[in-house]
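**Student:** Quick one: structure below, then a few questions.
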């Protein structure tokens, strides 16, 4: 009985091995993974975020901050303890506005006063994607857009100051690499 169990197990092993070999031979060769390059590195995004957070902490305030690449995709984001969960979405909307229009989100917000039809047109063109208030700044290297930073949760006007503090930290990182 023991011998027949061993024979049975060996036959099962050979059948399984043969089936695996056939299925492996039938499958196409594995394709190399396609990696996508971001226009801004995670290290740079984190420098911007850390600089903005340091500013907010220095003001004893809380906020959310996001860095997007030139396609409007999130590279990195943080929400400080005690910050509204909605602040992340608002920060993304501010940064996305800066990426799409290649200027500070506060400039686009001015359209409400100067060209309301254009302001509402933009709002309808990008429903749920943009947030047209101050706090979003484009990121550029040698005049080329590479992304944007967005801050939300701070008082009006202070969001943009935190964004600028993040940009200053980014500049410091870039200088240290030279």
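The values are calculated or read from the model by the stated rules, or taken from the named source; none is laboratory data. Small disclaimer: the values here were computed from a predicted structure and weren't measured. Cβ sites come from the backbone with ideal geometry, for glycine too, and all protein chains shown count toward neighbours.
**Student:** Condition check: modelled with pLDDT of 95 or more, surrounded by 24 or more Cβ atoms within 10 Å (Cβ to Cβ) and within 23 Å of residue 39 (Cα to Cα). Does residue 93 satisfy that?
**Tutor:** No: the conditions fail for residue 93.
**Student:** Report every pair of residues separated by at least 6 positions or lying on different chains whose Cβ atoms are under 8 Å apart, first residue within the range 62-86 and at positive phi and surrounded by fewer than 18 Cβ atoms within 10 Å (Cβ to Cβ), second at pLDDT 95 or above and in a loop (DSSP other than H, G, I, E, B).
**Tutor:** Note: pairs meeting the criteria are 82/62.
**Student:** Before we move on, is residue 37 surrounded by fewer than 17 Cβ atoms within 10 Å (Cβ to Cβ), more than 17 Å from residue 170 (Cβ to Cβ) and at pLDDT 95 or above?
**Tutor:** Against the criterion (surrounded by fewer than 17 Cβ atoms within 10 Å (Cβ to Cβ), more than 17 Å from residue 170 (Cβ to Cβ) and at pLDDT 95 or above), residue 37 does not qualify.
**Student:** Quick one: how many residues across the range 109-127 are without any contact (Cβ under 8 Å) to a residue 12 or more places away in the chain and either in a strand (DSSP E or B) or in contact with a helix residue (DSSP H, G or I) (Cβ under 8 Å, 6 or more places away or on another chain) (or both)?
**Tutor:** 1
**Student:** So, one more: Only residues that are surrounded by 18 or more Cβ atoms within 10 Å (Cβ to Cβ) and more than 19 Å from residue 87 (Cα to Cα): list them for the range 101-121, please.
**Tutor:** 101, 108, 111
**Student:** Collect the residues in the range 160-178 that are under 18 Å from the mean Cα position of the chain (by Cα) and over 17 Å from residue 140 (Cβ atoms), keeping them in residue-number order.
**Tutor:** Of everything in the range 160-178, just one residue is under 18 Å from the mean Cα position of the chain (by Cα) and over 17 Å from residue 140 (Cβ atoms), namely 162.
**Student:** Would you please name the residue that is nearest to the chain's Cα centre (by Cα), looking only at residues in the range 146-159 that are surrounded by fewer than 21 Cβ atoms within 10 Å (Cβ to Cβ) and modelled with pLDDT of 90 or more?
**Tutor:** By that ranking, first place goes to 146.
**Student:** Still on this structure, please answer the following. Of all residues in the range 128-145 being more than 15 Å from the chain's Cα centre (by Cα) and not in a strand (DSSP E or B), which is surrounded by the most Cβ atoms within 10 Å (Cβ to Cβ)?
**Tutor:** Ranking the candidates gives 135 first.
**Student:** Just one of the numbered conditions (1) surrounded by 10 or more Cβ atoms within 10 Å (Cβ to Cβ); (2) at pLDDT 65 or above; (3) more than 18 Å from residue 169 (Cβ to Cβ) is not true of residue 13; which one?
**Tutor:** Result: residue 13 passes all but (2).
**Student:** While we're on this one: Quick check on this structure: which one of 106, 91, 95 is in a helix (DSSP H, G or I), in contact with a strand residue (DSSP E or B) (Cβ under 9 Å, 6 or more places away or on another chain) and over 18 Å from residue 40 (Cα atoms)?
**Tutor:** Just one listed residue meets the conditions, 106.
**Student:** Of all residues in the range 146-174, count the ones that are in contact with a strand residue (DSSP E or B) (Cβ under 6 Å, 6 or more places away or on another chain) and assigned to a helix (DSSP H, G or I).
**Tutor:** Of the residues in the range 146-174, 4 are in contact with a strand residue (DSSP E or B) (Cβ under 6 Å, 6 or more places away or on another chain) and assigned to a helix (DSSP H, G or I).
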